[in-house]
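Colleague: Attaching a single structure in structure tokens format; questions to follow.
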Amino acid sequence: MQQKSGLGQYLYQSFASMKLSVFIFLTLAACSLVGTLLPQGTTQHELHTRYSPGVARIIDTLGLNDLYHTTWFRLLLVLLTVNLVVCTLRRLPKTLRQLSQRDESITPDKLTKFAYHCEIRSPLPRDQVEAKVTSIISHNFGTLRRSDHSEAFAGIVEVGRWSRWMVYVVHLSVLLVLVGALIGSLLGFRGYMNIVEGGASRDVRLYRGNNTVTLPFEVRCNSFQVSFYDTGAPKEYRSDLTIVDDGKDALTRSIIVNDPLSYAGVTLYQSSYGAVLKRAQVEFRNTDTGKSSTLTLQFGEAAVIPDTTDRVQMVDYQKNMGQFGPAVGIALVREGEQPKGSWILVNLPQFHGNKIQNYQIQVLKTEDGYYTGLQVKKDPGVWVVYTGFMAMLVGIGMTFYTSHRKLWVWADTANPGKNSTRILMAGKTSKNPVAFEREFNELRERLENDLKSRVT
Amino acid sequence: MNSSLLLSITTFAYLVCAIFYLSGVIFRHRPLLIAGGFAGLGTLLIQTAGILLRWKESYDLGYGHAPLSNLYESLVFAAWAIMLIYLIFEYKTKQHAMGVFPSIFSFLAMAYASFSTQIDSKIQPLVPALKSNWLIAHVVACFLGYAAFAVAAGVSVLYLARKASPANPHPKGMLALIPESRQLDEFNYQLILFGFLWLSLGIITGSVWANSAWGSYWSWDPKETWSLITWLIYAALLHSRSVQGWRGRKVAWLSLVGFVCVLFTYFGVNFLLSGLHSYATQ
């Protein structure tokens with residue numbers, strides 16, 4: 001054998017080994033375990049404050065703080081896939097051979113070598129024995145196929161042939177799940193968007209990396225409600241959303257936790273919420289001229305103070321600033337100058353800091369609202385994964401409940417005398433020998449009773 | 001009559017059941033084992049009534065959810081599932097001496113649920129995340145899997161005990177009524193295959209549920225990851241039977257390692273690691 005094919009053969013043998021499969025399973029289990037003990041998704045900064053420099057370096061080098069997304073963990077999954085495919089391909093010819101051997105020649109000597117076999121003697125003539133055996137076996141096990149024999153009666157019964165395929169179904173299902181996950185990670189995204197009631201957005205901030213995805217449509221939050229049980233525990237979070245596609249309202253629906261909305265392959269989930277300032281009535285008094293003007297400011301939208309070119313905007317809000325109560329962050333933009341800003345305390349109108357440049361500012365009225373936190377996801381691989389899930393359940397279920405079982409029977413007229421007919425029965429099963437043994441013995445007893453006397 | 005009375009009776013009845021089985025094995029007295037089986041069946045019926053009554057009580061309180069929503073309710077269900085699977089197993093195999101461990105496990109689960117001061121047995125309303133039809137399917141599938149693994153772990157211990165004594169096909173003493181090791185190995189395999197099916201179903205329903213609730217069918221949450229670890233261990237076990245010379249003792253040990261993983265998935269993750277399943281600790 002040539003050197004090259006020798007190596008190829010060696011690699012193929014290694015990948016095809018069931019020991020390698022067991023080893024990969026246990027290694028994956030051990031690595032996953034490490035990932036549950038160390039906090040995942042920690043930043044460089046957290047890493048260095050929490051651990052000593054040496055430990056932090058090890059964690060950082062091996063990527064243990066983001067273990068499940070590291071190259072080496074993914075390589076383990078690739079190794080599992082290769083092993084799975086090679087093992088399966090290697091097993092296939094054997095299965096095909098087992099299933100193609102339909103008509104094996106039967107001889108009495110062969111039958112007595114099986115793990116499950118028995119011999120029964122009957123006083124009945126052969127043709128009666130034949131009829132009885134055929135009916136009992138066909139009724140209790142499966143249809144008996146006769147094989148041609150001049151001097152004896154011989155037959156084979158086979159049930160659950162297809163159960164040999166179930167292991168392939170399970171292996172294919174694992175492959176589908178892994179491929180589906182790969183499709184999802186290559187072509188999909190996962191992120192979130194926060195939308196204030198009445199507001200709309202099409203930008204999704206991604207969880208991984210610092211990127212934003214722009215949706216091909218706009219999501220508007222019409223309203224958000226949260227309700228509570230008497231105990232104070234939250235009962236329901238509900239967002240009323242409208243999808244605006246091409247400037248038109250395409251779809252309006254409420255979503256709650258466990259009931260998301262899907263549009264154009266993108267799914268929106270209720271995930272969090274928070275309180276925001278929706279609008280406020282604010283009085284601006286020019287300390288130079290003494291002139292006051294009252295404006296209703298929408299959160300985040302700029303407004304112009306009448307008779308001036310000064311633009312003001314509410315940019316921030318805190319429900320409780322220190323111990324001074326609610327505070328509104330207001331910015332003032334004057335042409336040709338840097339924007340100036342200040343916190344205006346709502347409950348303390350006399351506070352000396354409630355001013356920006358020459359404006360004394362007082363918040364007269366505030367109106368709170370909510371923003372809804374939506375999780376946004378696109379995953380074109382999910383149906384591949386689900387197909388894998390279904391195949392896995394069918395495969396494992398069938399593996400549990402079925403097995404490939406075969407029975408051989410033989411009847412001939414041995415020595416002339418009282419029990420002149422000899423019946424031999426042998427059986428084989430692909431799994432669950434204990435149950436098969438019971439089935440085999442029950443069948444034997446039934447045959448013995450019906451064919452009367454017994455020798456062995 | 002209320003559910004907590006029925007469940008208190010259940011706790012003590014499981015103790016009685018365990019004592020029957022244990023003394024049956026110790027004194028090599030088959031009738032005691034049979035009595036253990038009947039005690040187990042009776043207890044299971046009382047417990048079933050208790051669980052159904054608690055379900056009804058939750059509707060009376062206006063919450064209306066299946067009693068599978070927190071640690072207390074899951075422990076009660078675990079005890080129920082272990083006894084159910086064991087009794088079916090006993091009925092199908094006609095072997096009565098393997099009930100020692102399942103009945104002790106059921107008793108311990110009930111005792112922990114009833115007597116631990118950290119576990120609140122009050123019926124609580126469901127948090128929004130748990131309001132889904134997937135809840136019943138997911139919890140039932142997971143716990144049937146766990147229960148099958150618990151019974152298998154008991155069988156594995158018996159297998160190892162049986163193997164530890166020198167090659168004697170008919171041992172005297174406490175092992176006299178225990179089936180022979182070849183059968184124990186096969187029972188272990190059957191139970192694990194059964195548990196594996198339910199664990200797979202549990203992980204899959206959880207995964208589909210997570211996808212419909214928060215948009216990700218897999219997010220490496222500690223509970224998820226630990227259930228995968230458990231799944232991998234049992235997958236390794238099922239495959240290792242095909243490796244030459246790996247039947248028997250190695251499989252029994254892997255079955256015990258798998259059960260330790262089940263316990264950690266169930267308890268360890270709740271108490272030591274934080275994640276999406278935090279509501280399971282209360």
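Colleague: Using the C-alpha atoms of region B:114-158, what convex hull volume per residue, in cubic angstrom, is computed? Don't jump to the answer; show the numbers that get you there.
Modeller: Working: hull volume 5.0 nm³, N = 45.
In region B:114-158, the Cα hull volume divided by residue count equals 112 Å³.
Colleague: For A:D109 and A:D288, calculate 0.36 nm times their separation in residues minus their Cα-Cα distance, and state this gained length in nm to one decimal.
Modeller: Numbers: separation 179, 0.36 × 179 = 64.44 nm, distance 11.89 nm.
This chain segment gains 52.5 nm when fully extended.
Colleague: Would you work out the charge dipole size for region B:36-119 about its Cα centre, treating the Cβ of every Lys and Arg as +1 and the Cβ of every Asp and Glu as -1, and quote it to the nearest 20 debye?
Modeller: Working: 4 positive and 4 negative charges, 47 e Å.
Here region B:36-119 has a charge dipole of around 220 debye.
Colleague: Checking the table A:K319/A:K365; A:K235/A:K278; A:K406/A:K452; A:K278/A:K365 against a 19 Å threshold on Cα-Cα, which pairs fail? Walk me through the intermediate numbers first.
Modeller: Working: A:K319/A:K365 14 Å; A:K235/A:K278 24 Å; A:K406/A:K452 25 Å; A:K278/A:K365 11 Å.
Violating the 19 Å Cα-Cα cut-off are A:K235/A:K278; A:K406/A:K452.
Colleague: Another question, if that's okay. Residue farthest toward the positive end of the dipole of the protein assembly as shown, with Cβ of Lys/Arg at +1 and Asp/Glu at -1: which of A:V385, B:L61, B:I119?
Modeller: My answer, from the dipole projection, is A:V385.
Colleague: Follow-up question, since we're still on this one. Quick one: the Cα spread of region B:136-282 along its three principal axes, in angstroms, biggest first?
Modeller: Computed over the Cα atoms, the extents are 57, 33, 24 Å.
Colleague: Let me ask another. Relative contact order, percent, of region A:278-367 when contacts are C-alpha pairs under 8 Å separated by at least 6 residues? List each step's numbers first, then the result.
Modeller: Working: 195 pairs, mean separation 26.0, N = 90.
Across region A:278-367, relative contact order equals 29 percent.
Colleague: Now for a separate question. Over all distinct alpha-carbon pairs, what is the Kirkwood Rh of the protein assembly as shown in angstrom? List each step's numbers first, then the result.
Modeller: Working: mean 1/r = 0.0319 Å⁻¹.
Computed over the protein assembly as shown, the radius equals 31.3 Å.
Colleague: Looking at the square roots a ≥ b ≥ c of the eigenvalues of the Cα gyration tensor of region B:54-195, which shape do they give, rounded for a/c under 1.5, prolate if a/b is larger than b/c, or oblate?
Modeller: Values: a/c = 3.32, a/b = 2.44, b/c = 1.36.
Taking the square roots of the gyration eigenvalues as a ≥ b ≥ c, region B:54-195 is prolate.
Colleague: One-quarter of the Cα convex hull surface for region A:278-367, in nm²? Working shown, then result.
Modeller: Numbers: hull surface 21.9 nm².
Dividing the Cα hull surface by four gives the mean projection, 5.5 nm².
Colleague: So for the pair B:N133, A:A275, with labels modelled 7 Å out along Cα→Cβ, what separation do we get in nm?
Modeller: According to this spin-label approximation, the distance is 3.8 nm.
Colleague: Pop out the Kirkwood hydrodynamic radius of region A:1-92 from its pairwise C-alpha distances, inverse of mean 1/r, in Å to one decimal.
Modeller: Working: mean 1/r = 0.0649 Å⁻¹.
It works out to 15.4 Å.
Colleague: Could you report the buried accessible area between B and A, both sides summed, computed with a 1.4 Å probe and given in Å² to the nearest 100? If you can, show how the numbers build up before the last one.
Modeller: Values: alone 13550 and 26610 Å², together 35860 Å².
In total, this chain pair buries about 4300 Å².
Colleague: While we're here: Carbon and sulfur together cover what percent of the accessible area of region A:1-64 at a 1.4 Å probe radius?
Modeller: On the way: 2790 of 4180 Å².
Carbon plus sulfur share of accessible area: 67 percent.
Colleague: Can you run phi through the Karplus equation (6.51, -1.76, 1.60; θ = phi - 60°) for region B:126-132 and list ³J(HN,Hα) in whole Hz, with x for Gly and Pro?
Modeller: Here the 3J(HN,Hα) series is 7, 6, x, 4, 8, 7, 7 Hz.
Colleague: Can you list the residues of region B:199-228 whose accessible area drops by at least 30 Å² going from the chain on its own to the full set of protein chains, with a 1.4 Å probe?
Modeller: Relative to the lone chain, where solvent access is computed with a 1.4 Å probe, region B:199-228 loses at least 30 Å² at B:I204, B:V208, B:N211, B:S212, B:A213, B:W214, B:G215, B:Y217, B:W220, B:T225, B:W226.
Colleague: Given the Cα-Cα distance of A:Q40 and A:A264 and 0.36 nm per residue of separation, how much length would full extension add, in nm? Walk me through the numbers on the way to the answer.
Modeller: Values: separation 224, 0.36 × 224 = 80.64 nm, distance 3.20 nm.
Gain on stretching A:Q40 to A:A264: 77.4 nm.
Colleague: For B:W134, A:W410, B:W246, A:W383, give me the order by solvent-accessible area with a 1.4 Å probe, most accessible first, ignoring ligands, DNA and RNA.
Modeller: Numbers: B:W134 90, A:W410 10, B:W246 65, A:W383 175 Å².
The ordering from most to least exposed comes out as A:W383, B:W134, B:W246, A:W410.
Colleague: Between rounded, prolate and oblate, where does region A:303-349 land on the alpha carbon gyration tensor, with a ≥ b ≥ c its root eigenvalues, rounded for a/c under 1.5, else prolate if a/b exceeds b/c?
Modeller: Values: a/c = 3.19, a/b = 2.28, b/c = 1.40.
The shape class here is prolate.
Colleague: Would you report the distance distribution of C-alpha pairs in region B:1-126 as whole percents per 5 angstrom bin, up to the bin with the largest distance?
Modeller: Computed distribution, short to long bins: 2, 12, 22, 22, 16, 11, 8, 5, 2, 1, 0.
Colleague: Got a number for carbon plus sulfur as a percent of region A:88-129's accessible area, 1.4 Å probe? Kindly include the intermediate steps, with their values, before the conclusion.
Modeller: Details: 1430 of 2730 Å².
Carbon and sulfur: 53 percent of the exposed surface of region A:88-129.
Colleague: Where q = 0.08, 0.13, 0.15 Å⁻¹, what log10 of I(q)/I(0) comes from the Debye formula for chain B, counting one point per Cα?
Modeller: Log10 I(q)/I(0), no solvent term: -0.34, -0.89, -1.14.
Colleague: If you roll a 1.4 Å probe over the heavy atoms of the protein chains, what accessible area per residue do you get for region A:278-367, in Å²? Intermediate values should be presented prior to the final figure.
Modeller: Numbers: 5200 Å² over 90 residues.
Accessible area per residue: 58 Å².
Colleague: Give a residue-ordered list of calculated ³J(HN,Hα) values for region A:267-283 (Karplus: 6.51 cos²θ - 1.76 cosθ + 1.60, θ = phi - 60°; whole Hz; x for Gly, Pro).
Modeller: In residue order, the calculated couplings are 10, 10, 10, 6, 10, 7, 7, x, 8, 9, 8, 7, 8, 8, 9, 10, 9 Hz.
Colleague: Here is a follow-up. Can you give the accessible area per residue of region B:1-126, in Å², using a 1.4 Å probe?
Modeller: Normalised by residue count, the accessible surface of region B:1-126 is 45 Å².
Colleague: Among the residues of region A:14-47, which ones have their accessible area go down by 10 Å² or more when all the protein chains sit together, as opposed to their chain alone (1.4 Å probe)?
Modeller: Buried on complex formation: A:M18, A:K19, A:V22, A:F25, A:L26, A:L28, A:A29, A:S32, A:L33, A:T36, A:L37.
Colleague: Mind checking which of A:L268, B:L197, A:V204 is farthest towards the positive end of the protein assembly as shown's charge dipole, using Cβ charges of +1 (Lys, Arg) and -1 (Asp, Glu) about the Cα centre?
Modeller: Working it through, the farthest residue towards the positive pole turns out to be B:L197.
Colleague: Based on the Cβ-Cβ distance from A:V394 to A:S227, what FRET efficiency comes out when R0 is 45 Å, to the nearest 0.05? It would help to have the intermediate numbers written out before the result.
Modeller: Numbers: r = 41 Å, r/R0 = 0.92.
Efficiency at R0 = 45 Å is approximately 0.65.
Colleague: Between B:L263 and B:I26, what is the spin-label point distance in nm, taking each point 7 Å from the Cα along the Cα→C-beta axis?
Modeller: 2.2 nm
Colleague: Moving on. For A:D246, project a label point 7 Å along Cα to C-beta. Then give me every residue of region A:266-286 with its amide nitrogen under 20 Å of that point.
Modeller: A:266
Colleague: Just the number please: accessible area per residue for region A:111-173, 1.4 Å probe, all protein chains included, in Å². Mind showing how you got there, number by number?
Modeller: Working: 3120 Å² over 63 residues.
Normalised by residue count, the accessible surface of region A:111-173 is 50 Å².
Colleague: Here is a follow-up. Please work out the ratio of the alpha-carbon Rg of region A:74-214 to 2.2 N^0.38 Å and round it to two decimals.
Modeller: Values: Rg = 29.6 Å, N = 141, 2.2 N^0.38 = 14.4 Å.
So the Cα radius of gyration is 2.05 times the expected 2.2 N^0.38 Å.
Colleague: With axes computed from alpha carbons, what is the tilt in degrees of helix A:382-401 against the longest principal axis of chain A, rounded to the nearest 10 within 0 to 90?
Modeller: With rounding to tens, the tilt is 30 degrees.
Colleague: Counting only GluC sites (Glu not before Pro) that sit in a DSSP loop (anything but H, G, I, E, B) with at most 10 other Cβ atoms within 10 Å, what is the longest stretch of chain A containing none of them? Could you put the intermediate results ahead of the total?
Modeller: Working: sites that count: A:E151, A:E301, A:E335, A:E337.
My reading of the result: A:1-150 is the longest stretch.
Colleague: Which FRET efficiency value, to the nearest 0.05, is calculated for B:N2 and B:L45 with the Förster distance at 22 angstrom and r the Cβ-Cβ distance?
Modeller: Values: r = 17 Å, r/R0 = 0.78.
After rounding, the FRET efficiency stands at 0.80.
Colleague: Carbon and sulfur: what percent of chain B's accessible surface (1.4 Å probe)? Intermediate values should be presented prior to the final figure.
Modeller: On the way: 7910 of 11420 Å².
C and S atoms contribute 69 percent here.
Colleague: Which of B:L15, B:W80, B:F27 sits closest to the plus end of the dipole of region B:1-126, meaning its Cα is farthest towards the positive end, when Lys and Arg get +1 and Asp and Glu get -1 on the C-beta?
Modeller: Selected residue: B:F27.
Colleague: Given R₀ = 41 Å, FRET efficiency for A:D203-A:H352 by Cβ-Cβ distance, to 0.05?
Modeller: Numbers: r = 39 Å, r/R0 = 0.95.
Once rounded, the FRET efficiency stands at 0.55.
Colleague: Dipole of the protein assembly as shown, Cα-centred, from +1 at each Lys and Arg C-beta and -1 at each Asp and Glu C-beta, to the nearest 20 debye? Before the final figure, lay out the partial values.
Modeller: Working: 68 positive and 50 negative charges, 582 e Å.
The calculated dipole for the protein assembly as shown is roughly 2800 debye.
Colleague: I've got another one for you. What are the residues of region A:229-272 that lose 20 Å² or more of accessible area, with a 1.4 Å probe, going from their chain alone to all protein chains?
Modeller: A:Y229, A:T231, A:P234, A:K235, A:V257, A:N258, A:Y269
Colleague: Placing unit charges on C-beta atoms (Lys and Arg positive, Asp and Glu negative, everything else neutral), compute the dipole magnitude of chain B about its Cα centre in debye, rounded to 20.
Modeller: Details: 17 positive and 10 negative charges, 181 e Å.
For chain B, the charge dipole is close to 860 debye.
The values are calculated or read from the model by the stated rules, or taken from the named source; none is laboratory data. Please read these numbers as outputs of a predicted model, since none were measured by experiment. Neighbour counts are summed over all protein chains in view; Cβ atoms, including those assigned to glycine, are modelled from backbone coordinates with ideal geometry. Ligands, DNA and RNA are excluded from the accessible area calculation, which covers all protein heavy atoms including side chains. Shrake-Rupley method; radii C 1.70, N 1.55, O 1.52, S 1.80 Å.
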